[in-house]
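Undergrad: The following block contains the structure, expressed as C-alpha cells.
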C-alpha cells in the first residue's frame, strides 16, 4: 500500500470539527462526504454534538471505536495541533487539514504548521494542506468527496492537482458542464507536507490516472522536480503532465547586474522547467481542458492494451463539410507547429471515387455541406491510411443534411482501424449534441471550435516530439577543475569579485573555451607593443570598474590594423570614457587580438534560489535586448538539451548559411553550452556570468570568447 | 427607406422553389420562415404544387396577387435567371439567391451570375448571394428567419455578416447556448451584388445594431473598404467592427523580387487594413463572441442616452474572491496591453475599512473566499472611484458563502454609478448561473474565465485608443512630380525597368529624400577620382544586373578612407563578384559617399491587386529577415499613420536613445514614410521599391538613403 492511499482511498474517514450548522465548513465537508455516497465508514468528531446529520458523533478522534484511515481536520490551528497529536496516537494513517491560519499568516501559524509536520513525519503520517479545499476520488469503489464542493465530478481518467482552492470549485463546475471525468482531485493548499512532486509520483503509479493536470503557482523543490517530472513524462509507461502556471513567483533572480539576469523574466525559470521536463503548458483553463481531453484518449489495441494514439509527425489531414471552418483550422494548424499533409495521388483518386465533383480533394478535404456520414467515412478512411498523414481533424458543421450521430459512429469505426490520432470538432452546441455525446462516451476528444482541436493536436505533437527525442552521444570533456578552483579562490581572497575579460578568460580557458590573447596597456606605447606581439588586427576596449557597458561609453574600437590606428584608438577611448563618466577610474585600455569573423551570440548564467543556475543562450549584439531572442535552461544540461536550445531561438537561421554566409560551427555552440553548464555546476562561487559575444565561426573553426563578465561570491561549502 | 430594407425587413416574402418535401432546401427555408413566426405575408412559389405546408402556392412570382418585397430564390441557375427577370417585372424590391452553381463553378455559372446582377442593377433591386445561407432578422416586429437554420436566434444588438454559410449555423447554435442575441444575421455567399461594404454602411445606420461582427475570407474592394470602415468606427455615432479573418486570400503579392514582397505574407494586407480602419481582430470564434459581449454593453446615461462605457486608459482594477484566478487575470491583463492600476492611499484606506484583515488591499484586491455581496460592493465602489483606475474586472468563484445573484446585483448597482467599464468573470457554469443570468439580462458582459474577461477588456482598450487617436498637423510637401514623371517615362522608354542606387536616387530626390553622391567607376582610376571628388570616407558596391543582393556576392565594402583603400576595394569587389557569378555582366563599381552613422531601417512598397500599394517599414540589416520586425500599411498614409507605424515595431526602442546612442530623428522617419506614400500614389509605374537601408541619424540630422531598388512597369493611363 502506498502511503498516500489512506488519503485518496480510505476505508474510514473521521471529520474532526464536523458541524450540524449548514454554511459552516465543518458541516459542508461532512455533508459532502455523506451525500456523495462514500463507500467506506464515516465518523463525525465533535465534543458538543451527539450526532451530526443523524450520524453518531464522537467527542475526540481517540474515542472513535474503529481504526481511522483518514482524518479531515476542520479546526483552528491550536486545536488542530492537539487533534494531530491524538490522531497519531490513535493510529490514523492520513490527514487532510482544511482550515487556514498557518504558514500563510506567518508567526505562530507557521510554527504550528511546522510542529504538525514534525509530529506526522515521526508517526509516518502524510498530511495534505493546511489551507486547502480537500480531496476527491470519484471512482465507483471509493466515491469520496472530502471537499468544499457540493458537486462530485464524474469518474474519469484525468487527475487534477491544484495549488488554488478557489480554482478547484470553478474547475469542478466547468467539468460538470463538459462531462469531464476525474480520477483524483486534490487541493494542496500550503503544501506543508504533501506537495505536487509527491502527488506526481503517486498519480503516475495510479492505474486509474492517464493524464495529470496541475494548476501551479510556485515550486519549492527545483532539481528534484525536474528529475522526477522528466522521468514521469518520458518512461515506457509514461504519464503526460499538463500545467497551467500563473504569474506569482518566489523565484526572483538573485541579481540583475548581468544581461542574463535582466533578460530572464520571472517566468524564464518555469518555462525552462517545463521544456526540460516535457510538461505541456496550457495558456488558459479552457485550453487545459481541451488538452486533457486529447491526452486522455486511449484505445484498446489488438493486444488488449490501452494505448494513447500519438502522431508520428506533424502532417495533419483535415476533413470538413464547410470551407470556412476548414480554413480556420488550417490557419491554426500552422500556428500550432503543424502542417497540412500532402496526399498521395492514390489517396486523391480514392477521394475522387467517393466524393461529389464539387468536393475539394486536396487537404483540407471538403466533403460539401450536404454530406451524410458515408462521405465522412470514406474520406477519413482514405486520408488516414495515407503514409504522409500523421493524424486527422474532422470538422462537422450542422447543415440540413447533417446527421451528427451517424457521422460520429462512422468516425469511431474509422478510428478503431487506425493507430493515428483523430480529433473531432463538432461545431455548435445543441444541433450536434447526439454526435458529441457518442464521441465522448467512446472516449474520443471532441471540440466546439476548429481552432481548439488544432491547438490540442499541436499539444499532442509537442509531446510526441518530447517522447521521441533523440539522444546524441555525449561530449567527454576533461576540464581543469583544479585550475579553475585556484583562480576563483585566489580572486575571492584578493577581494576581487568582478572578473572582466582580462582575468575572466583564464577561468573560461580551464573549461576549454577558446579565448583571445589580451593585454592591459597603460599608455600608447604599451598598447602598440601588445598589438605587435599578438599581430594585427586588434580590438581595444576601456578597462574601468565604473564602466560596465563599454560600448555605451564609446569604449570599444575594432579592426585596428596598424601602429597608427592603435595609437589613435588609445587616446580616443580614454577621452570618451572620461567624458562619459568623469569620475570613472581608468585602469587602462585592453588590447586584444581581433576574433575571426563569426556570428555574435550570448551565453549567460544567473543563479536562482531553489532552482540553481539558469543558463541562457541567444543572439548577441545590440539586438539581443530589443528582440530578446534568447532561451533558458536550468543546469545541468547535456548535449541533447544544448542542441535543443540552439534550435529554439529564431536566429538559428543565421547559423545555417544565411544570405551567402558560411554555415556556422554548430557543434561548437553545443560544446560551449555544455562547458558552461559543467563550470557553473562545479563552482557555486560563480554567481553570474555573461559571455558576450561568443563569436561562432564557420563550420570546423570553433567559437571564440570575445568578451566576458563573471561575478564571484563566496560560498560556505558543506 | 434604404434599398436593403426590403431584404432585412420585408412586408412580404415569396419563396421561389418552395417545396413540400422535408430535407429539401426549398422546404426547409420556407418552413423556417413560416414557423419562425414571420410578421409579414409569405407566398410559396412552385408550379407543381397547390399549396406548401398548407399555404396556397403560386406557379410563378408574376402570379402572386400582392406586391412582393423580398424574393427568396432556391432554384438552379438557369431557372433562377428567369425568376429574376420575372421578379424585376413584378416590381420585387429585394432578392436573396440561396442556390449554388454560379461564380464559384466558373464558366456558364459565372455568366449567369453576371446577367442576374445586370438585370437587378437596371431594375434597382439589390441581390444577396447566390450561394448563401440566407438572412435573419429576429427583431420582434419582423421575426424573419429566411435561412437554412432551424434555429431563430434571440433578438439583440449585434449584427453578424458571414462569408461562410456553414459557419453561420454553427454560430447560431453556439449563440443559442450563450443567450446571445442578434439584430441582423446575413450570409453573403458569392457577394455578386451586396457585399460586406454595403452591409457595413447599412448596419451602421441601423438603430438596432450596436456592434458588427464579420467572418471574412477575402475583400474585393480595397480602398473603398478602408475609407468606409474607418468612417464607421471613428465617427461621433460610431459602430465597432469585430472581425475574424481566415487565411484564404486572393491578394497574393504581384511579385516578390523585393524584400518587401517576401516579408509581406498574404496576411500583411489584411492586418494593415484592420489597423488602418480601427477594426478589432479576434483570433478565434470564441474570442469574437467574448469581444462582442463586451462591446454590446451600453447603459442609459443621466441624459437618457445609451452610452458604451470605454476605458480612458489601460489601468485595470481587479476584485476577486480567490487568489489563483486573480493571478491568471493579472497575467492576461499584462499580455493584453493593459496594466494593473495602482490605488491611491485613500482607496486603500477605504478598502481597509470594509475588508477583513487578511484581505489583500492592493491590486488585485482579494476579498477572500468567504466574501458575501457586500464586500464586493464596497471594494468595487472604492476602486472604481479611484482616479488612477480606468475600469475593473470582477472575478467570482463559487465558494460555500458565495451568493452569485446577490453579488451580481451589487455589481450592477456600482456599475450604474460609474462611467468606467466593469467586466465580470463568474467562474463555473452551474453554481454561478443565477448571477450570470442577472448580469446578462441587464446587459453586462460576463465571462467564464478571467483570461477571457481580460482579453475582452484589452479589445475595449484597443478600440478606445483608436477612437481617441491624436491628429498631428500634416506635412506640407512640394514634390517635384514632373521631374519624377520625366525620369520614369524616359527609363521606361529606354527599356530600363530596374533602377538601382545610381539611377533610382534621382527619382527619390524628386520626393525630397536625401541621397548620397555616387558615381559609377569602370576602373581603379575612375574610382579614386570619384572618391576624391566627394571626399573620403566612401563606400563601394558592385553594379551588375545579375547581382541583386550585393552583399551576398561580397560586393559591398564600407569605410574606405584613402586612395589605397579605394584601389584595393575596386579589385576585391570585382574579383568576388566574378567568383560569385561568373556569368554576371559587371557594369563597374559604384563609389558613394559614406553616410553619417545612424540606425538602419528599411522602407518598401509592393503593389497588390485590389488593394494597391502596400508600404513597409522596419529595422534594416540582416536581422530584418530573421526577426521580420516590420509593419505594413496601405497607401495613402498621412503623418498620423506614419507615426503609428514607427511606434509599432519592436525596434522602436533603438530610436529612443538606446544603450547610450543618441536619440534618432523621429520626424525624419515620419517624413520619409509620407514622401514614399505620396510618390507611389502619384506614379503607378513604380511597381516595387526597397529603400534599404534608410539611415536614420540623430535628432535634427535627418535620414539618408544609402541604397535603393526600384522596379518600374508601364501602366495604361486612364
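The values are calculated or read from the model by the stated rules, or taken from the named source; none is laboratory data. Computed from a prediction, not measured in an experiment: that's the story for all the values here. No Cβ is skipped: glycine too gets one built from the backbone with ideal geometry, and neighbour counts run over all protein chains shown.
Yes/no matrix, rows are residues, columns are (1) in contact with a helix residue (DSSP H, G or I) (Cβ under 8 Å, 6 or more places away or on another chain); (2) touching a residue at least 60 places away in the same chain (Cβ under 8 Å):
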residue: B:84; (1), (2): yes, no
residue: B:89; (1), (2): yes, no
residue: B:104; (1), (2): no, yes
residue: B:110; (1), (2): yes, no
residue: B:118; (1), (2): no, no
residue: B:124; (1), (2): no, yes
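Undergrad: Now for a separate question. Working only within segment A:653-667, note down all residues that are within 14 Å of chain B (Cβ to nearest Cβ) and either surrounded by fewer than 19 Cβ atoms within 10 Å (Cβ to Cβ) or part of a helix (DSSP H, G or I) (or both).
TA: Of all residues in segment A:653-667, those within 14 Å of chain B (Cβ to nearest Cβ) come to A:653-662, A:664.
The answer is A:653, A:654, A:655, A:656, A:657, A:658, A:659, A:660, A:661, A:662.
Undergrad: Here is a follow-up. Here are some residues: A:561, A:519. Which one is within 14 Å of chain B (Cβ to nearest Cβ) and either over 41 Å from the mean Cα position of the chain (by Cα) or modelled with pLDDT of 90 or more (or both)?
TA: Values: A:519 fails: within 14 Å of chain B (Cβ to nearest Cβ).
The conditions single out A:561.
Undergrad: Follow-up. Answer with yes or no whether residue B:158 is surrounded by 22 or more Cβ atoms within 10 Å (Cβ to Cβ), in contact (Cβ under 8 Å) with a residue 60 or more places away in the chain and either closer than 27 Å to residue B:242 by Cα or not assigned by TED's automatic domain parsing to the domain that holds residue B:239 (or both).
TA: In short, yes.
Undergrad: Quick one: would you say residue A:650 is surrounded by fewer than 22 Cβ atoms within 10 Å (Cβ to Cβ), in contact (Cβ under 8 Å) with a residue 12 or more places away in the chain and farther than 23 Å from residue A:268 by Cα?
TA: Criteria not met by residue A:650.
Undergrad: Filter the strands (runs of 3 or more DSSP E) completely within segment B:118-170 down to those with at least 3 residues that are within 14 Å of another protein chain (Cβ to nearest Cβ).
TA: Once the strands (runs of 3 or more DSSP E) in segment B:118-170 are filtered for at least 3 residues that are within 14 Å of another protein chain (Cβ to nearest Cβ), what remains is B:154-162.
Undergrad: Also: Take residue B:244 and decide whether it is within 14 Å of chain A (Cβ to nearest Cβ), in contact (Cβ under 8 Å) with a residue 12 or more places away in the chain and under 18 Å from residue B:294 (Cα atoms).
TA: yes
Undergrad: If you go through segment B:46-57 one residue at a time, do you hit one that is at pLDDT below 95, surrounded by fewer than 13 Cβ atoms within 10 Å (Cβ to Cβ) and within 14 Å of chain A (Cβ to nearest Cβ)?
TA: no
Undergrad: Tell me which residues, restricted to segment A:171-203, are part of a loop (DSSP other than H, G, I, E, B) and under 28 Å from residue A:221 (Cα atoms). Walk me through it before giving the result.
TA: Step one: of segment A:171-203, the residues part of a loop (DSSP other than H, G, I, E, B) are A:178-180, A:188-195.
Once the filter is applied, which keeps residues that are part of a loop (DSSP other than H, G, I, E, B) and under 28 Å from residue A:221 (Cα atoms), segment A:171-203 yields A:188, A:189, A:190, A:191, A:192, A:193, A:194, A:195.
Undergrad: Grab the strands (runs of 3 or more DSSP E) fully contained in segment B:283-361, keeping just those with 2 or more residues being farther than 30 Å from residue B:243 by Cβ, within 14 Å of chain A (Cβ to nearest Cβ) and touching a strand residue (DSSP E or B) at 6+ places or on another chain (Cβ under 9 Å).
TA: Result: B:315-320.
Undergrad: Would you point out the residue of segment A:535-548, among those that are touching a helix residue (DSSP H, G or I) at 6+ places or on another chain (Cβ under 7 Å) and assigned to a loop (DSSP other than H, G, I, E, B), that is nearest to the other protein chains (Cβ to nearest Cβ)?
TA: A:547
Undergrad: What is the one condition in (1) surrounded by 18 or more Cβ atoms within 10 Å (Cβ to Cβ); (2) in contact with a strand residue (DSSP E or B) (Cβ under 9 Å, 6 or more places away or on another chain); (3) more than 14 Å from chain B (Cβ to nearest Cβ); (4) farther than 25 Å from residue A:501 by Cα that residue A:643 does not satisfy?
TA: (2)
Undergrad: Separate question: Could you check segment A:564-593 and list, in sequence order, the residues that are within 12 Å of chain B (Cβ to nearest Cβ) and not in a helix (DSSP H, G or I)?
TA: Passing the criteria: only A:581.
Undergrad: Being at negative phi, within 14 Å of another protein chain (Cβ to nearest Cβ) and over 39 Å from the mean Cα position of the chain (by Cα) is the filter here; which residues of segment B:368-405 pass it?
TA: Passing the criteria: B:369, B:370, B:371, B:372, B:399, B:400, B:401, B:402, B:403.
Undergrad: For residues that are closer than 25 Å to residue B:655 by Cα and surrounded by fewer than 18 Cβ atoms within 10 Å (Cβ to Cβ), scanning just segment B:595-617, find the one that is farthest from the other protein chains (Cβ to nearest Cβ).
TA: Of everything passing the filter in segment B:595-617, B:596 is farthest from the other protein chains (Cβ to nearest Cβ).
Undergrad: With respect to the numbered conditions (1) surrounded by 15 or more Cβ atoms within 10 Å (Cβ to Cβ); (2) over 32 Å from the mean Cα position of the chain (by Cα); (3) within 19 Å of residue B:25 (Cα to Cα), which one is the sole condition not fulfilled by residue B:98?
TA: (2)
Undergrad: Follow-up question, since we're still on this one. Could you tell me which numbered condition residue B:425 fails, if it satisfies all but one of (1) on the phi > 0 side of the Ramachandran plot; (2) within 14 Å of another protein chain (Cβ to nearest Cβ)?
TA: For residue B:425, the exception is condition (1).
Undergrad: Please indicate, with yes or no, whether at least one residue in segment A:126-137 is farther than 17 Å from residue A:195 by Cα and at pLDDT 95 or above.
TA: yes
Undergrad: Turning to a different aspect of this structure: Out of all the residues in segment B:601-636, which are in contact (Cβ under 8 Å) with a residue 60 or more places away in the chain, within 21 Å of the chain's Cα centre (by Cα) and not in a strand (DSSP E or B)?
TA: B:609, B:610, B:611, B:628, listed by residue number.
Undergrad: Same structure again: Out of A:513, A:475, A:471, which single residue is crowded, with 18+ Cβ neighbours inside 10 Å, part of a loop (DSSP other than H, G, I, E, B) and touching a residue at least 60 places away in the same chain (Cβ under 8 Å)?
TA: Just one listed residue meets the conditions, A:513.
Undergrad: Let me ask something else about it. Tell me yes or no: at least one residue of segment B:448-463 is modelled with pLDDT under 90, in contact with a helix residue (DSSP H, G or I) (Cβ under 9 Å, 6 or more places away or on another chain) and not in a helix (DSSP H, G or I).
TA: For segment B:448-463, residues modelled with pLDDT under 90, in contact with a helix residue (DSSP H, G or I) (Cβ under 9 Å, 6 or more places away or on another chain) and not in a helix (DSSP H, G or I): present.
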